[in-house]
Amino acid sequence: MRELLEQQQRGRMSFEFLSEELADAVREQQPIVSAELEAKGDLQSPGFRRVAEDGVDIYEARFAQGSLQCGIGFDQDGRVHTLWMLPA
């Protein structure tokens, strides 16, 4: 999760580990997400919280200027198929 958040914050995402559908969505939303993450400042700690009923891993990412609740889910091939961020 740390690497993914830092890539998004820099605006330089590695898409090869994302499903095709998710990669398309991330490309479209990347400028907005990158700006929002940049405004939060340095990532201090992405802490694992739990696994949701749908199998998505839930994290709380703490930044210098706030926190986000983040979810990441993988398909059977090990590629990320679910990725979301919400204010914590």
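Tabulated results
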{"quantity": "For the chain: relative contact order, % (alpha-carbon pairs under 8 angstrom, 6 or more apart)", "calculated": "25 percent"}
{"quantity": "Simple label model, 7 Å out from Cα along Cβ direction - Glu20 to Phe48, nm", "calculated": "3.1 nm"}
{"quantity": "Heavy atoms of Glu36: accessible area, 1.4 Å probe, square angstrom to 10", "calculated": "120 Å²"}
{"quantity": "Rounded accessible area of Ile58 (nearest 10 Å², 1.4 Å probe)", "calculated": "10 Å²"}
{"quantity": "For the stretch 25-50 versus the stretch 60-88, the gap between their alpha-carbon centres in whole angstrom", "calculated": "8 Å"}
{"quantity": "Derived scalar couplings ³J(HN,Hα) [the stretch 7-16; Karplus, 6.51 cos²θ - 1.76 cosθ + 1.60; whole Hz; x for Gly, Pro]", "calculated": "5, 4, 4, 7, x, 10, 8, 8, 8, 5"}
{"quantity": "For the chain, accessible area per residue (1.4 Å probe, heavy atoms of protein chains only), Å²", "calculated": "62 Å²"}
{"quantity": "Surrounding net charge for Arg2, when Lys and Arg each add one and Asp and Glu each subtract one, Cβ distance under 12 Å", "calculated": "-2"}
{"quantity": "Carbon and sulfur %, accessible surface of the chain computed with the full protein complex present, 1.4 Å", "calculated": "45 percent"}
{"quantity": "Space enclosed by the convex hull of the alpha-carbon atoms of the chain, per residue, Å³", "calculated": "85 Å³"}
{"quantity": "Label-zone membership for the stretch 53-88, site Glu3, 7 angstrom Cα→C-beta point, backbone N under 16 Å", "calculated": "72-75, 78-81"}
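The values are calculated or read from the model by the stated rules, or taken from the named source; none is laboratory data. Everything numeric here is computed off the predicted structure, so don't read it as measured data. With ideal geometry, Cβ positions are generated from the backbone for all residues, glycine too; neighbour counts draw on all protein chains shown. Please note that ligands, DNA and RNA were not included when accessible areas were found on the heavy atoms of the full protein model with its side chains. Shrake-Rupley method; radii C 1.70, N 1.55, O 1.52, S 1.80 Å.
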